[in-house]
Structures are given as structure tokens and as C-alpha cells.
Amino acid sequence: MKTARSGYFSPRKACMVYSFNLGIGWASSGVEYAQLYRARMFRRLGIDARFVFTDMFPTENIEHFTRRMGFADEEVIWLYAAFTDFHTAPVSYTLERFVATLAGTDFRISRTGRKGRVASATEDAYCTVYFTDDEHDLVHRVEYVFKGRLVRKDYFTYGRIYSEYYAPLDGRAHLYLRRFFNEDGTVAFEEMPDGADPVFRFPDAILYSKQELVAHFMQKLGLSADDTVLIDRTTGIGQAVLAHAAPARVGVVVHADHWSRQGTDSTHILWNNYYEYAFDMQRHIDFFVASTEAQKRLMEEQFARYTGQVPKICAIPVGSIDAPVHPQAPRRPFSVVTASRLAPEKHIGWAIEACAKAKERLPELTFDICGEGSERPRLEKLIEELDAGSYVHLLGQQDMGTIYPSHELYLSASTSEGFGLSLMEAVGAGLAMIGFDVPYGNPTFIDDGKNGYLVPVHDGMEESVRTEALADRIVRYFLEDDRRAFERRSYELAEDYLTERVALKWKSAVEAG
């Protein structure tokens, strides 16, 4: 093994901002989109920023996720690659290059879609090749099988970045070693992942957990007092990041409701376990970031009451609007839209049922649902059961900048929104809004009776009552309200989220802490 010549740890500009997260995927959460908005802010301000992801990504090159969202390659650091001299890049390793590494010429190549097979003449050894897509010959990973047993997996970007080694154990392929490489093929470090905690072996160190790996990364960054560390997710990494961030300033970004009402009384508060460690360590944290003024005020009140100390809390929207979006053609009459991950907590089914009820009084009503997620099969079945396929449409992922201006009303059935990027984008396009009166996004973007409706809700309310209440507000909006006035009020609310205003708040936070 030899030490990598990684650019992440070489001399760099002052005033760098590092944001720490765990993973990212095709259907990313609001945390990743919040980071993307932040990246755009920092570019606008001329602040150098890096976004550090600490999870493994065995089924996809992380760059394909980050580039698709809008991150620049130079902004992205994958924890494991940081100790090599590979940089974040798309897959460019070809099948031709892989085949050239094979011994001999007596093998056959076949392919179906994204999966290929390179087999020896005797079929006792073969490789399964996973391509980046159905059309190109770019290879993301290769699995080696000998006499029916998986023995190795190689992973590629523009070269082989790491390999996994397997041995049979209890009738299954058991991963016992990962080896990470430099660009020239030398070993940068190794991971032995099969204990209670992984062990990492470097030329100059042996580390006995993932937390120690994160700490090793932090130490090698050589942070200065001009740098800022932002922690978006603390699970499994918060302690290591916080313990080694000095002398840089540290900020913790709160992306969701930070406490549990059920577990709180007059003398004790139950913090959300995602933030409990950070809140306990508040004396070591320079500032917290809440996405709304309402949450900031509540956090200040709760810290004062339950801890006797009030840390610095900044209210900075997680997103922004470059400019209001106005329709270039008349909005489609009686059109409703929502944009969301299709996840259980978003309660898209309630929104569908509400629209089905409203349809009885609004024959022209349509409901477009934008987004993907695990709930899609269930929602497809619900649409079929309600015979709503002619007016309720699951559109998948869409460019919402082109979708919002053609619609009149945004509908949310979620019972928890820390901020609500889609809500912000919808008011920025002048849509009227309907949603439950729950913290913190809906009351931020819905001025009850002025640009939409906040629907009262409580834990004991039956689902049928919730959907009936949503349906009632939909009908009221289309049949009774001044739709132009609602549109004007949404545009007014959007003014506070213009990019130049939000960017100044981030500038103040990272430069003054």
C-alpha cells in the first residue's frame, strides 16, 4: 500500500465549507435537495463548498446520482475515494478495456440490456458485467464467479476504484475484504468489513470503526478557523465530525421536526433522535440552522426551558427562488398538482381520495402527482379502485418549473414538513395552496384564507374526516374564491425566498458563524 496523492487533502483555498451527509440516490430526500440549493447559493457567493457523502454505493457510481441532481463533480467528496487519488467522475471505463485485462482469448461475450456475461469456453468461470445503461459499453462493476462461487467484484469509474473479495461461508458468498486503489493500481487502503465494526488498514494507521475512518478524514482535511463544517445528518458520523472539526466553525442543519410531542412534558423534552446528540453537544456547536422562523422561535423557547441555555439558531430557508415563475399561457382550469416522494408519510392516498370526492362537484377537476417512490404500486391500485385513472395521473419525476405554471392549485396531504421545497416552488409559481395545519412548512407558505387553506388536523381524526376536509377546501377554492387574489398573495409570499435574500443569510452564517 502507498499513500494516495489525493487532492482533497492537499493545500487548498481558505474559507471552505464542508457539508456532511450519509447517502444519496435516484429518489433523494429533501436533505439532498436542500444541499443542492445550498451549493447554488455558495456558487453565487463565490464560496468554495464540498459535499461529503459517507455511505457505500455498491450498485451505482455516486457521481451519477450527484450529477443528475445538479452537483458539480468538484463539489462532491465520497469518503472512501478521498483516501485515494481518484476524483469524482462519471463512469468511462469500457468493456473493451475490461476484456483487455483477461488472460487468454477463449471466452464468449453476450449482453442483455444493462447486464452482460463474459464466459470461458468450459463455463466453469464467468464474469457478470453491469453497464451504466442499456445502450453504452461503459462498465460500472464486474462480478467474477468460479465454479459457481462468487469470488470478487470490481468497481469502476475511469479506472478500478475498489474491489470486494468473497469466500463461501454457511452456503453464501461472504464479503471479507475491500481493497481501494489509486489511479496507478497501487493499493491505497483496505477494509475488513466482517467484524462487529469494520477495520481499515492504511500505510500509516489501522482504524477500528467507521467512526474512526470519518475522524481520520477530518484530521487529514487540516481545517482552519476560516473553514465551516455543516452537518446535515449526524447518524453514525456526528461524534467523529464534531470531535475533529476545530478550529473550524460548526453548524448543524435541522431538516425535520426536532422533537416529539408525545414524549414531552413540563419538565422533560424528547428530542428527535436524529438531532439528540447535536443538541446535547450544543456548547461545541457554533450555530444551528432551522428552515423557518417558526421552528427557530420554538427551538429557542425549548432550549431555554429545558436546558437553561439558548444556542445561536439561524433561520435560513433550505431553498430559494431565482425569480417568480409566471405562466406563459392561461392555467389549465380546475387543475390540481402535488410534487413529492411517493412515501407513506406523504399520504398521497389521502390527496387522491380528496380529489375523488371533490370531483363529484367539480367535473373538470384533474390531479397530477409528480414524484417517485415505494408507494407507487399502492397508489396505482387506489386510483384503479376509485376509477380515477381519467383524471388522476402519476407523472413520475418531472421538471416542476414547467409543470407548476400550468396548474392552479397545489395540494399537500403530508402531516409533517420541516420546510417543504415543493411548497416554496409552488408559491413561487403563484399557485394557491391547501394543506394540513402542521409544522412548519404549511403555515410558512399558506396564508389561511388569503392564498389557500390550512386544514385543522389532530392525531385522533379519522382518515375519512381528513380527506373530506381537504375535498371541502378544494371545492371552496374553485367555486367560491377569488383565484387571482390567491395567486397574487402566493407571489407576495415568495418574495422572502428570492435567491439573493437567502444567499445573504448563508453568507452571514458561514462567515460569522
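Below is a table of values for the structure above.
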{"quantity": "Interchain or long-range residues, amide H under 5 Å from SER19's placed H", "calculated": "ARG50, PHE51, VAL52, LEU230"}
{"quantity": "Rounded to whole Å, sorted largest first: equivalent-ellipsoid semi-axes of the stretch 205-285, Cα gyration tensor", "calculated": "28, 15, 10"}
{"quantity": "Computed [θ] at 222 nm, deg cm²/dmol, the chain (DSSP H ≥ 4; -39,500 (n - 2.57); rounded to nearest 500)", "calculated": "-8500 deg cm²/dmol"}
{"quantity": "Rg/Rh for the stretch 129-273, where both radii come from Cα atoms and Rh is the Kirkwood radius", "calculated": "1.10"}
{"quantity": "Tail beyond 19 Å, pair distance distribution of the stretch 95-205 (Cα, percent)", "calculated": "52"}
{"quantity": "All aspartates and glutamates inside 15 Å of LYS210 as judged from Cα atoms, apart from same-chain residues fewer than 8 positions distant", "calculated": "ASP55, GLU190, GLU191, ASP194, ASP197"}
{"quantity": "For the stretch 436-450, 3J(HN,Hα) per residue [Karplus equation, 6.51 cos²θ - 1.76 cosθ + 1.60, θ = phi - 60°, Hz, x = Gly/Pro]", "calculated": "6, 7, 10, x, 10, x, 4, x, 6, 10, 10, 8, 3, x, 10"}
{"quantity": "Convex hull per residue volume in Å³, alpha carbons only, for the stretch 335-497", "calculated": "101"}
{"quantity": "Relative contact order [Cα under 8 Å, 6+ residues apart], the stretch 335-497, whole percent", "calculated": "25"}
{"quantity": "Share of alpha-carbon pairs per 10 Å distance bin for the stretch 437-513, given as whole %", "calculated": "16, 34, 27, 16, 7, 0"}
{"quantity": "At 0.890 mPa s and 25 °C, Stokes diffusion of the chain via Kirkwood alpha-carbon radius, µm² per second", "calculated": "96"}
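Computed from the coordinates by the stated procedures, all read-outs in this text should not be read as laboratory data. Since the structure is predicted, the reported quantities are computational estimates derived from the model, not experimental observations.
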